[in-house]
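Below is one structure, written out as structure tokens; the observations come after it.
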Amino acid sequence: MTLLVFGGAGQLGRALARAGGDAVRGCGRAEADITRPAEVVAAFDRHRPTLVVNAAAHTAVDQAESEPERAFAINADGPAVLAEACRVHGLPLIHLSTDYVFDGSARRPYREDDPTAPLGVYGRSKLAGERAVRAGLDAHLILRTAWVVSPGGRNFVLTMLRLARERAEIGVVTDQRGSPTSAAALAEAILRLAARLEAGAGGFGTFHFTGGGATTWHDLAAHIFRRAAERGLTVPVLKPLSSAQFPTPARRPAWSVLDCSRIRAVHGIEQTPWPVLVDACLEQIWSA
């Protein structure tokens, strides 16, 4: 099995490289821009994959509001290019998507077939990418996830640890709820899915995968700071805020909890409770 991972320089791409070893060929934007078909074809010819993973995305949610053309180029046009290349080469594609395709108005975990209604440019561009993959390639698996954290890149855990060093008080919103997911757990799930698809087990389509359970951004920050305090680190005072008190260019879903029962039923992939995933991420950061 040889996995060609577009977005190889991102936090998920790096996690896949660590977990998959020689089976994973990471491909960053410098090597192949997914919006440029010729570069994608050249990457296919160079790496000769047996399966492709698209972890490349425009993930700057607020920035996307001011540059919608760029967001749609990367999140919608790029996946269409990859789907076509996979179709021509007869390869399956695992495409990463997001909880932001939903509007957050639900009060139960979102299922894969629930109506989508993204609130902003980022969510709309990712939904367009899903549709492009479905239209362009039968052998696809779309994997929606949420609240991804890791020891590297840009994510909430690293932001909180940085702010803890800079400020005596931090305000974090209490009215947005979701399921923290580690890049490491996501990578392990993708590798298991890839192995099953290559073995002919089937199970294409759309799936959800996150850490188990749910929390708020405020309570996630409180968990991070408790663990930091246990290590003798100085932690800030944590102030609860509403989303209205912390306005951003892009609206966030108030409810981002995803129902992950389908991936368990079809592929046997279980969730790990989010505190376990976050603790493992923190240990990696502090032991580096």
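Each reported figure results from applying straightforward, stated rules to the coordinates on display, with no laboratory input. Just so we're clear, the structure is a prediction, and the values are computed from it rather than from any experiment. Because the Cβ atoms are built from the backbone with ideal geometry, glycine has one as well, and the counts that use them run over all protein chains shown.
Computed values, structure above
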| read-out | value |
| --- | --- |
| Highest-fluctuation residue, Pro236, Pro49, Pro275 considered, GNM on the chain with Cα pairs under 10 Å | Pro236 |
| Full-stretch length increase - Arg167, Thr50 - with 0.36 nm per residue and alpha-carbon distance subtracted | 37.3 nm |
| Sum of side-chain charges, Val121 neighbourhood, beta-carbon under 11 Å (Lys, Arg +1; Asp, Glu -1) | 0 |
| Per DSSP, loop trypsin sites (Lys or Arg not before Pro) in region 127-171 with at most 15 further Cβ within 10 Å | Arg154, Arg167 |
| Selected from Glu65, Glu84, Glu230 as most flexible by GNM, with the chain as the system and alpha-carbon contacts under 10 Å | Glu230 |
| Against the rule of thumb 2.2 N^0.38 Å, how large the Cα Rg of the chain comes out | 0.98 |
| Cα pair count fraction exceeding 24 Å, expressed as % - region 182-288 | 43 |
| Convex hull volume per residue in cubic angstrom - Cα atoms of region 150-227 | 113 |
| Helix 274-287 axis, angle to the chain major axis (alpha carbon atoms, nearest 10°) | 90 |
| Cβ charges +1 (Lys, Arg) and -1 (Asp, Glu), total dipole of the chain, debye | 340 |
| Pair Ser261, Arg131: separation of 7 Å Cα→Cβ label points (nm) | 2.9 |
| Calculated on alpha-carbon atoms, Rg and Dmax of region 95-221 in Å | 16.4, 54 |
| Distance histogram in 5 Å bins (all Cα pairs of region 39-156, percent per bin) | 2, 11, 21, 21, 19, 15, 8, 2, 1, 0 |
